[in-house]
Amino acid sequence: MTDSFTVDDVTVDRAGSPNGKAGGSADAVGRVAGTEDSTPLQFAVALDEDAYLQLDDVVVTLRHIPGLGPILTSGVVTQVRARHEGASFGSDVFLISDGVLPARVQEIAEVSTTRVEPEVYVPPRPGEVVRRATGAERAQALYFDQMASRLPVGRGRDGAPIYVNMEFLDGTRGAHVSISGISGVATKTSFALFLLHSIFRSGALGARAVNAKALVFSVKGEDLLFLDQPNVRLDDDLRTQYAELGLPAEPFASAGFWAPPIPDDLTGRPNVAGRTSGVEAFWWTIAEFCAGNMLPYVFADAEDERNQYTIVIHQVATRLRLDAVPAGDRGAVKIGDDLVTTYEQLVDVIAARLSDDDARSDWAGPVTGVGTVNAFIRRLRSSLRPLRPVIRADLTGTPRRLISTQDQQVTVVDLHNLHERAQRFVVGVVLAAETARKEDAGPGGLLFTMIDELNKYAPREGTSPIKEVLLDIAERGRSLGIILIGAQQTASEVERRIVSNSAIRVVGRLDSAEAGRPEYGFLPASQRTRATLAKPGAMFVSQPEIPVPLAVEFPFPAWATRLSECAAPPARSPAAPPADAFARLPAVDDDDIPPF
Ligand SMILES: Nc1ncnc2c1ncn2[C@@H]1O[C@H](COP(=O)(O)OP(=O)(O)OP(=O)(O)O)[C@@H](O)[C@H]1O
Ligand SMILES: [Mg+2]
């Protein structure tokens, strides 16, 4: 119970309303039905002939209890049925329509209770007037009145904003978001970005918005490389939709973009096609690879988990950390007498040490068998092609080649041109580094980390170093200030502990087999069915305080999601360094176009 809630508000509201059919209010839509059991948590509404309720409408009903006063029960419509009362046979409908047989069409809406104020759990009595909740009543029904800071996540079916309690997102009382839905129509990635936009621009974070950052791993095409550009489809209608949510219809103002370098290209240009400026190439030098203990992230596939060579991985990683001596200014190392300037050479040196009878016990552990060592070498060799582009010492780089969330609000790491094994490596290494940085820095700004296709990094089965990092974030991220926003086609394929640690769960369109799985148990049966019909832009959002997930529609992105949606070719990102840092990039005409 909260102070802000008074049943008096409601009484005033009712008194001020003109008379409606079901008694006393223009918002009245019917009465609590007496044909089915009315319970404190679920009741049915018989609708007035000229009234309607649709799924997700919010309703309230009041019951006076002598000695206790008025009890207000609010809820959300979860099903509506219409039938001919008095018809016994399918053919009766024709007779009834012709006026031959007397019958009446009756609509019944089922309501799931969201809130009872004061907390006296009595059933609404059949015959009580039920009203559509608007304004303050709607806010009370959906607990918006209790949210100290609330984040708009879209509009309800009634067109009014739906909020998520920021305390369940910023770590205060909970954290992490899990978004599921089928490819292409569930708009998972779009919703995740809309959420970031809302987090940064709605004011829900207050002064903390200044230090809040987002780290976004992009795995599908170049869609996210344009999020600092306005969308050409942005019109007044869309602007109004954003304005109604209290948000500006603007692209992300402060964004930095990273992509891997073009393989086998010695100029260190980023491997992107659509965007020609403002994208940095990222890679790690061999020296960083050795000193930073990055080898375990090379072995992060399901296949590696089945093998016995974990001890070899850690032994070799330790040797690299201790024995590799930096050489030259491009990040090469010397291991013994061997100069290593490419990932290939590094793999060769490791393989040579492991094959050498004298060095083996030092590099593989004293009791490791040759079979295990050979399995490790085979697996290491197979990482050559995937990882060669991002681990190197043959390029001259600027400090900006290292992915960092320091200098801009949104950091986009484009992984779509990388092999899956390299994608895992990058996500693992970057997240581990960010976690360590957060740990050192102590509580500070929030870092929202968006990972698409989370099932690839934290699958339900098995263990891997990346899954460890993600689990760590899921379990400790709240206190570290790292918030995970994970998207996946099927939540049933993602590590259970990550999904269960997510305070906010969102689903877009689901396929019916998936919708039946226990991971979606938080959706009432009717919403599970509806999720199989959800259109792009429609999501169901579940949050801890509200017992029923809320259906929302979020507006189309205000930022470009592909080159064709850019109003003009992207100019240099505002977060990018001064022009001379781009000296190594070839001149591109687009650079001359002034920012807009
Ligand atoms: N609010 C919206 N309303 C209508 N359509 C939208 C909305 N947001 C995005 N879309 C459209 O839906 C398409 C799919 O969106 P999105 O890429 O976010 O889906 P996804 O669930 O991430 O798919 P995938 O699993 O393939 O990554 C986009 O191309 C976009 O044009
Ligand atoms: Mg996507």
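The values are calculated or read from the model by the stated rules, or taken from the named source; none is laboratory data. Not measured: the values here are computed from a predicted model. Using ideal geometry, Cβ is built from the backbone for each residue, glycine included, and neighbour counts are taken over all protein chains shown. With ligands, DNA and RNA removed, areas are computed over all heavy atoms of the protein, side chains included. Shrake-Rupley method; radii C 1.70, N 1.55, O 1.52, S 1.80 Å.
Here are some notes:
- Close pairs from region 551-565: first within 24 Å of Arg530 (Cα to Cα), partner within 16 Å of ligand 2 (Cβ to nearest atom) and of a type outside the set (A, V, I, L, M, F, W, C), Cβ under 7 Å, at least 6 apart: Glu553/Gly537; Phe554/Gly537; Phe556/Gly537; Pro557/Ser190
- Count of residues meeting criterion [within 15 Å of ligand 1 (Cβ to nearest atom), closer than 17 Å to Ala255 by Cβ and among the hydrophobic types (A, V, I, L, M, F, W, C)] in region 189-221: 7
- Selection of region 328-381 for residues being within 27 Å of Gly268 (Cβ to Cβ), acidic (Asp, Glu) and not in a loop (DSSP other than H, G, I, E, B) yields Asp338, Glu344, Asp348.
- Meets criteria (under 17 Å from the mean Cα position of the chain (by Cα), at negative phi, open to solvent by 40 Å² or more (accessible area, probe 1.4 Å) and within 15 Å of ligand 1 (Cβ to nearest atom)) for Glu553: yes
- Of the residues making up region 81-114, those that are open to solvent by less than 60 Å² (accessible area, probe 1.4 Å) and within 21 Å of Arg125 (Cβ to Cβ) are Gln106, Ile108, Ala109, Glu110, Val111, Ser112, Thr113, Thr114.
- Residues of region 160-188 satisfying the condition of being within 16 Å of ligand 1 (Cβ to nearest atom) and within 16 Å of Val541 (Cβ to Cβ): Pro161, Ile162, Val177, Ser178, Ile179, Ser180, Gly181, Ala186, Thr187, Lys188
- Any hit, region 72-86, residues being at pLDDT below 95, on the phi > 0 side of the Ramachandran plot and either over 27 Å from the mean Cα position of the chain (by Cα) or of a type in the set (Lys, Arg) (or both): yes
- Some residue of region 228-237 being of a type in the set (A, V, I, L, M) and open to solvent by less than 10 Å² (accessible area, probe 1.4 Å): no
- In region 500-522, of all residues being aliphatic (A, V, I, L, M) and within 16 Å of ligand 1 (Cβ to nearest atom), the one that is surrounded by the fewest Cβ atoms within 10 Å (Cβ to Cβ) corresponds to Ala515.
- Within region 435-455, considering residues that are more than 15 Å from ligand 2 (Cβ to nearest atom) and aliphatic (A, V, I, L, M), the one nearest to Val410 (Cα to Cα): Leu447
- No other residue among Ser198, Ser218 is among the polar types (S, T, N, Q) and at pLDDT 95 or above apart from Ser198.
- Restricting Leu247, Leu224, Leu234 to those that are at pLDDT 95 or above and within 15 Å of ligand 1 (Cβ to nearest atom) reduces the list to Leu247.
- Members of region 159-177 that are over 22 Å from Pro555 (Cβ atoms) and either open to solvent by less than 10 Å² (accessible area, probe 1.4 Å) or assigned to a strand (DSSP E or B) (or both): Asp170, Gly174, Ala175, His176
- Some residue of region 209-221 being in contact with a strand residue (DSSP E or B) (Cβ under 8 Å, 6 or more places away or on another chain) and of a type in the set (Lys, Arg): yes
- Strands (runs of 3 or more DSSP E) wholly inside region 47-123 containing at least 3 residues that are among the charged types (D, E, K, R): 69-85, 104-117
- Residue ID - nearest to the chain's Cα centre (by Cα), chosen from residues in region 99-115 that are at pLDDT 95 or above and hydrophobic (A, V, I, L, M, F, W, C): Val111
- Arg509 vs. criteria away from ligand 2 (no atom under 16 Å from the Cβ) and either modelled with pLDDT of 90 or more or assigned to a loop (DSSP other than H, G, I, E, B) (or both): no
- Any chance Pro326 is out of contact with any Phe, Trp or Tyr (no Cβ under 6 Å at 6 or more places or on another chain) and either over 23 Å from Ala393 (Cβ atoms) or open to solvent by 70 Å² or more (accessible area, probe 1.4 Å) (or both): yes
- Residue tally, condition under 24 Å from the mean Cα position of the chain (by Cα), hydroxyl-bearing (Ser, Thr, Tyr) and under 22 Å from Leu563 (Cα atoms), over region 237-284: 1
- Total residues in region 523-550 satisfying the condition of being on the phi < 0 side of the Ramachandran plot, open to solvent by less than 50 Å² (accessible area, probe 1.4 Å) and assigned to a loop (DSSP other than H, G, I, E, B): the figure is 9.
- Condition met for Ala432 (farther than 20 Å from Pro544 by Cβ and away from ligand 2 (no atom under 16 Å from the Cβ)): yes
- Residue in region 205-212 that is closer than 30 Å to Ile391 by Cβ and either at pLDDT below 90 or buried (at least 23 other Cβ atoms within 10 Å of the Cβ) (or both) present: no
- Residue in region 116-137 that is surrounded by fewer than 24 Cβ atoms within 10 Å (Cβ to Cβ), within 16 Å of ligand 2 (Cβ to nearest atom) and among the β-branched types (Val, Ile, Thr) present: no
- Qualifying residue in region 449-463 (condition: closer than 18 Å to Ala186 by Cα, among the small types (Gly, Ala, Ser) and either surrounded by fewer than 24 Cβ atoms within 10 Å (Cβ to Cβ) or away from ligand 1 (no atom under 15 Å from the Cβ) (or both)): no
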